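Okay, so here's the structure we're looking at.
Each value in this text was obtained by applying a stated rule to the coordinates, not by laboratory testing. Nothing here was measured: the structure is a model prediction, and the numbers come from that model. Cβ coordinates were reconstructed from backbone atoms using ideal geometry, including for glycine residues, and neighbour counts include every protein chain displayed.
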Amino acid sequence: MAAATPAFPRGSGAPDIVVGPLDLAARVDEALAVQAVAFGLSQDEIDVRRHIVLRHLDDPRARALGATTPEGRLAGFVYGLPNNRAHWWSTVVEPYLRATGSEGWLDDSFVITELHVHPDFQQRGIGRSLITTVTDAVDQPRSILSAIDTESPARGLYRSLGYQDLARRVGFPGAPRPYAVMGAPLPLRRGR
Ligand SMILES: CC(C)(COP(=O)(O)OP(=O)(O)OC[C@H]1O[C@@H](n2cnc3c(N)ncnc32)[C@H](O)[C@@H]1OP(=O)(O)O)[C@@H](O)C(=O)NCCC(=O)NCCS
């Protein structure tokens with residue numbers, strides 16, 4: 001396993017937080033607890049997500065990183081894997097991308113499946129560090145993701161990294177709100 005690296009410049013808002021490899025299968029409950037507070041998940045949704053996360057981790061190409069405090073508390077996490085057109089997420093977004101002529105983004109693309117930072121630790125550069133660090137280590141030349149189709153901190157972060165809208169008003173079965181699908185060339189853009 002690679003050594004964890006301090007991810008933040010001196011003087012940043014998260015000097016003691018370390019971003020490094022996360023054994024997400026072992027710490028899935030902790031990660032989902034972060035997601036539940038950051039994103040808002042019911043207990044039923046947590047139970048469903050738990051199965052999905054563990055299934056994704058069967059893919060040896062899945063990558064997970066955690067942001068950890070000196071006490072070992074998980075402040076945030078990211079995980080993703082190369083897109084698989086047979087996966088549910090890809091089958092849902094595919095017709096929307098085809099309609100905008102951007103279906104090719106589904107090939108050779110690293111999907112950011114989840115990115116969440118606990119509210120106690122937000123706005124200190126942790127989310128930015130997690131997503132840039134995980135994508136820097138992958139082989140794919142581009143990255144795609146879906147985010148709720150509203151002007152959220154997540155959408156602002158993704159745009160600042162070079163993600164652009166590939167499709168909007170994307171409906172996932174069971175999801176009450178539409179999503180936007182976004183894509184960016186790798187490596188992600190640095191600077192503001
Ligand atoms: C999105 C999220 C992961 C960002 O994590 P974070 O550690 O707070 O983000 P950072 O401190 O690295 O900030 C990165 C950028 O995000 C945007 N951002 C973060 N918080 C913001 C806020 N409250 N308002 C507006 N923009 C914000 C900014 O573009 C910021 O860049 P800047 O600092 O250069 O202005 C975090 O807000 C979160 O977990 N949100 C809830 C869950 C969620 O929506 N996850 C994404 C699902 S698609």
In the chain, what is the volume of the convex hull around the alpha carbon atoms, normalised per residue and reported in Å³?
119
The set of residues whose placed amide H lies less than 5 Å from the amide H of H118, leaving out same-chain residues fewer than 5 positions away, is G76
Normalised by the number of residues in the stretch 82-192, what is the relative contact order in percent for Cα pairs under 8 Å and 6+ residues apart?
27
Contour minus end-to-end for T91 and S42, with contour as 0.36 nm per residue of separation and end-to-end as the Cα-Cα distance?
15.1 nm
Using just the alpha carbons, could you tell me how many Å³ per residue the convex hull of the stretch 64-158 encloses?
109
Karplus-derived HN-Hα couplings along the stretch 161-175 (A = 6.51, B = -1.76, C = 1.60, θ = phi - 60°), whole Hz, x at Gly and Pro:
8, x, 5, 10, 5, 9, 7, 10, 6, 7, x, 9, x, x, 8
In debye to the nearest 20, how big a dipole does the chain give about its Cα centre with +1 on each Lys and Arg Cβ and -1 on each Asp and Glu Cβ?
620
Tell me, E151, E30 in order of fewest to most beta-carbon neighbours within 10 Å?
E151, E30
Under the Karplus curve 6.51 cos²θ - 1.76 cosθ + 1.60, θ = phi - 60°, whole-Hz ³J(HN,Hα) for the stretch 141-155, x wherever Gly or Pro sits
x, 8, 9, 10, 6, 10, 9, 3, 7, 8, 7, 9, x, 4, 5
What is the packing order of peptides 69-80, 123-134, taking the mean over residues of other C-beta atoms within 10 Å and listing the highest first?
123-134, 69-80
